[in-house]
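Working notes, structure below.
Taken together, the values in this text are just the output of simple stated rules run on the coordinates, not laboratory data. Owing to the predicted nature of the structure, the values given are computational and were not obtained by experimental measurement. All Cβ positions, even for glycine, are placed from backbone atoms using ideal geometry, and neighbour counts span all protein chains on display.
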Amino acid sequence: MREWFYEDQTPSTRIAVEIRGIIHEEQSKYQNVKIIDTIQFGRMLALDDVIQVTELDEFAYHEMLAHVPLHAHPNPQSVLVVGGGDGGMVREASKHDTVNRVVLAEIDEAVINACINHVPSFSVALKNNPKLEIRVGCAVEYMKSLNEEFDVIIVDSSDPVGFAEGLFSREFYTNVSKALRPGGMVTIQGESPWYKYRPMIKRICKDFSEIFPIAKAYWANVPSYPSGVMLFPVGSKGNDPEIPVKEPVEGLRYYSKEIHKASFILPKHLQVEQMEDKL
């Protein structure tokens, strides 16, 4: 009998993925953590039965969320990754020669350990990485009490539910701005603009426009996420994030200078000033 994993996106929309079985499952202090062997997507991390990353397409998500700010910033040296316990964002940030320090602020150590033990393609940079510092704890509280600054902050959070809800608040983004050095940039995963999160996306983009001197949004295609489209709000205290200022690092599979610039060309329905709460 065929076995399936289901993610309920809305009351009338369900994502189904055929699986071979569950490789790892545990109930951490915060959430249910699963590593699942899927037929279409390879190994997949799911938290509370919501797809986070898969071996097939994680490079698209991680490269676009990380490399747009890292290539638009002329000299990023310190990077803070909020969430991202799978390790993919640390992996991408560590590819930049100018980056000498990457701090990973992840609330759930179980996610880090599960990915280290079962999905090395995600987590390769979480072990034996001299650039990396791991801070296990609540990123909202960490950002409130932070007394240092970063060149780039990447918010690779789970969905705005439960403990992660605070990572989508105006207060959090204000604290992020305070933690950015002059010329710094922040990008966040802004969810899919096709389903239930459109009103939140519109509010986040408005918050960014009021908090950061430059605020824009761009998008990428990530097939395993709802609708296959992800939007990424970006705020800058320096350069225009739409313009890459250096050559791409080697070994990338999605990001390029051309894709960087093209990703900021949004369809009319995704342009904030024209975005309606429902399609």
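Pairs 202/278; 131/216; 144/216; 216/268; 95/127: which are spaced more than 19 Å apart, C-alpha to C-alpha? Going by Cα-Cα distance, 131/216; 144/216 fall outside the 19 Å limit.
When the helices of the chain are scored as -39500 (n - 2.57) per DSSP H run of n ≥ 4 and the total is divided over every residue, the value at 222 nm lands at -7000 deg cm²/dmol. The phi torsions of segment 215-226, fed into the Karplus equation with coefficients 6.51, -1.76 and 1.60 and a -60° offset, translate into couplings of 9, 9, 8, 9, 9, 8, 9, 10, x, 7, 8, x Hz, rounded to whole numbers, with Gly and Pro shown as x.
Inter-label distance, residue 210 to residue 109: 3.9 nm, where each label sits 7 Å from its Cα along the C-beta direction.
Bridges between two residues of the chain, per DSSP, are antiparallel at a rate of about 65%. Between residue 246 and residue 278, the FRET efficiency estimated from the beta carbon spacing at R0 = 30 angstrom works out to 0.15. Identify the residues of segment 46-65 with backbone N under 12 Å of a label point that sits 7 angstrom from the Cα of residue 253 along the Cα-to-Cβ direction, or state none. Those under the cut-off are 54-63.
If you take every residue apart from residue 115 with its C-beta less than 13 Å away from the C-beta of residue 115, what net charge results, scoring Lys and Arg +1 and Asp and Glu -1?
With Lys, Arg at +1 and Asp, Glu at -1, the net is -4.
Beta-bridge orientation, segment 1-155: approximately 65 percent antiparallel, per DSSP, counting only bridges with both partners inside.
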